[in-house]
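All remarks here apply to the structure that follows.
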Amino acid sequence: MSQSKQTTPDDILATARALRWEIGRDFHERLVEAVYTDASRIADRAVTRGDGQARFDLDRTIDRIVTSRTWGVPIMLLLLTLVFWLTVSGANVPSGLLAGLLLDTIHPLLKNLAASIGMPWWLDGLLIDGVYLACAWVVSVMLPPMAIFFPLFTLLEDLGYLPRVVFNLDSAFKRVGAHGKQALSMSMGFGCNAAGVIATRIIDSPRERLIAIITNNFALCNGRWPTQILIATLFIGALVPAHLAGLISALAVVGVAVFGILLTFGVSWVLSRTELRGEVSTFSLELPPYRPPRILQTIYTSVIDRTIFVLWRAVVFAVPAGAVIWLSANVNVDGVSIAEHLIGFLDPFGLLLGLNGVILVAYIVAIPANEIVIPTILMLTVTTAGLQQVGAGAGVMFELESASGTLAILKAGGWTLLTGINLMLFSLLHNPCSTTLYTILKETDSWKWTVVSALLPLGMGFALTFIVAQVARLLGWA
Amino acid sequence: MMTDDTQAKTASACETCPVHHKANLLKLGVNMEDWDFVVALAGNPNTGKSTVFNALTGLRQHTGNWPGKTVTRAEGGFVYGDHRYKLVDLPGTYSLLATSLDEEIARDFILFGQPDVTVVVVDATRLERNLNLVLQVLEITDRVVVCLNLMDEARRHNLQIDDRRLARDLGVPVVPTAARYNEGLDQLLEAISEVATGKVVCRPHRIQSETPALRQAVSQLTRQIEAVFPNLPNARWVALRLLDGDERIAEAIKSGGLGDLSQEGREQAEREMSLALELEVQR
């Protein structure tokens, strides 16, 4: 074909169209084939295979067990339980020590210092009883479990176990009409839902990607693990003899996590049969070789990347939250503090759900970061339960030396086993944090799906806790 | 000059080797203003791209042993020799032809971001499949260094790889490495700097196994594209994409020039990054 002097962009497109017609529709396949042929020829020339294949076989033997139909899922649950058991039983002592240091020793020191320089009472209250205590509380509650949990989880990841999990869950995801790779974005969600939502980019069909985004919140994230672990230890572990407490608490946490996975399947199934109907795509998944984890480096990176990062985020949000909580507990309207007004207002609704007003207020305060739910609950409980003897006045978080101290405070706030269980359920099922919602908005570019992602789990959380509370009360358990 | 000191102290035979001056490597972390060269890091999933990235930048981006860990781009910087480099870690992909968002991000960056060097990290134990991506990258850009990673595992599996033969066949430098153990990274840096500064000129392999009809169609379209966009470094790739019916590329041509788009593409990729990097760390 001859070309005129002045070729224009439109000419190019016209030529392309004509040529496409000429070569036929299988251009893509032929191109891919050409690439493969060249690749295989070049690789053949460069690679010489030795004889020993022993290592390959070891990997395969392990894979046959951990991805077998019979053992795959039990082994998965066992590993998860082991990780939580180590976390629960290992975190208690350092938690107590940190609380003793930050709350019993440093807090009075700061108070004395403030008094000696004649700081006005409101400033002293705002800074030391509000901001400082909120941060100290976040650190002592969250640091120990995270410092154990994250390195353990990261070690599993480095070993190459995650792709095996995907392999085990793939057929289940297919059956509910979702993409097998959703197992990967879900695993990512166990760390951080916002990261999990971004990870759905590996899914190429928009329909399946949307399902993965909406259901990602059912994977418990960093910010929620500490709540689960603490409440399980306090309420569920306390039901059994001491030597079993750690194991039972761990099983309770695994139970909630597995329930979250089942909800992921359930909601995916419903979505793929209603709003998001369509074909299931297939993909090939490669099981990477097991690699010996470099333990020290793993511990280092997981402590820096995850533990410190999550802790820092929690502290950043705890600073304003601590100030707001202290203010709301100390500013009175009609003789009653703002906090008490709000809690009193939400209490009837909370009790209907087997929760209470304090928990609901805490979840509103914690919209930016789930990490501060527990500290907020404790601060508010002390305020409203009038536990003046533990703290030093309204809005002050108290000294506590052990988990039983926390339990005593919650019990004084009217908590029962039902409250504990429903808090664990509500922690699994409520709106994603604001960071995650922002990410969903950016990734889907749709307000509709962002709102759905926020309200769907929240509605489910209200419904589930309501049902559990009513059934428990009917049967006389609570 | 930074190297004087090291040169004076050493007296081994290695000292004439450029790799010897590893002391030149200065890891800059995320501090990467005023770079001289942009280096993209591409590769299949799970080949150790992030490990290479961390080793060169001193950043500690989380690495995981599973495919699809990096779905966004991460950036870091380093100084080697007299030049400052910005290193961009692209999402791992098996190909640049397909449709998912992670592949598009990688493809767009190599095509529109026009990095000075593209390092393709390759799993030495799965060379054939990994070469598919290398060949596609070679279609887009000439300035490529192949990082033949996971050599430790290849040895463990008794695989011998003739990296010189490979380099000759591909027409670009090939550097065997075991990034987890910091093996071969000096040579990799040297190869990157040689390609970046133009000391080594690549003669990349182009797909040969295409049918004559295909080849003719491609060259005809390539000539036309070159006539309209004389500054485009990869007209052949654009032709291939047009023949494959890539709407995005067709749009780019219609909307008044790939030249504008390359700038726009780079900026858009940058914007995407700001949020993504934040979340990458959060994990």
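Read-outs throughout are calculated quantities, based only on the coordinates presented, and are distinct from any laboratory measurement. Because the structure is a prediction, the values reported are computed rather than measured. All Cβ positions, even for glycine, are placed from backbone atoms using ideal geometry, and neighbour counts span all protein chains on display.
Give the angle, between 0 and 90 degrees and rounded to the nearest 10, that separates the Cα long axis of helix A:72-99 from the longest principal axis of the Cα atoms of chain A.
Taking Cα atoms only, the helix is inclined about 40 degrees.
Quick one: grab the alpha carbon gyration tensor of the range A:41-193, order the square roots of its eigenvalues as a ≥ b ≥ c, and give me rounded if a/c is under 1.5, else prolate or oblate depending on whether a/b is larger than b/c.
prolate
Using only Cα atoms and rounding to the nearest 10 degrees, what angle (0 to 90) does helix A:206-215 make with the longest principal axis of chain A?
Between helix and principal axis, roughly 20 degrees.
Could you compute the FRET efficiency for B:R156 and A:E33, with r as their C-beta to C-beta distance and R0 at 45 Å, rounded to 0.05?
The formula returns an efficiency of 0.90 here.
Listed highest first by mean packing, meaning other Cβ atoms within 10 Å per residue, what order do A:423-436, A:445-458 come in?
Packing proxy ranking, top to bottom: A:423-436, A:445-458.
Greater than 30 Å separation of Cα atoms is the criterion. Which listed pairs, B:K49/B:K254; A:K411/A:K448; A:K442/B:K86; A:K448/B:K86; A:K181/B:K49; A:K181/A:K442, meet it?
Correct reply: B:K49/B:K254; A:K411/A:K448; A:K448/B:K86.
Highest mean first, how do B:110-117, B:34-41 rank when packing is the count of other Cβ atoms within 10 Å averaged over residues?
My ranking of the peptides, most packed first, is B:110-117, B:34-41.
So what's the convex hull volume per residue for the Cα atoms of chain A, in Å³?
Convex hull of Cα atoms, per residue: 241 Å³.
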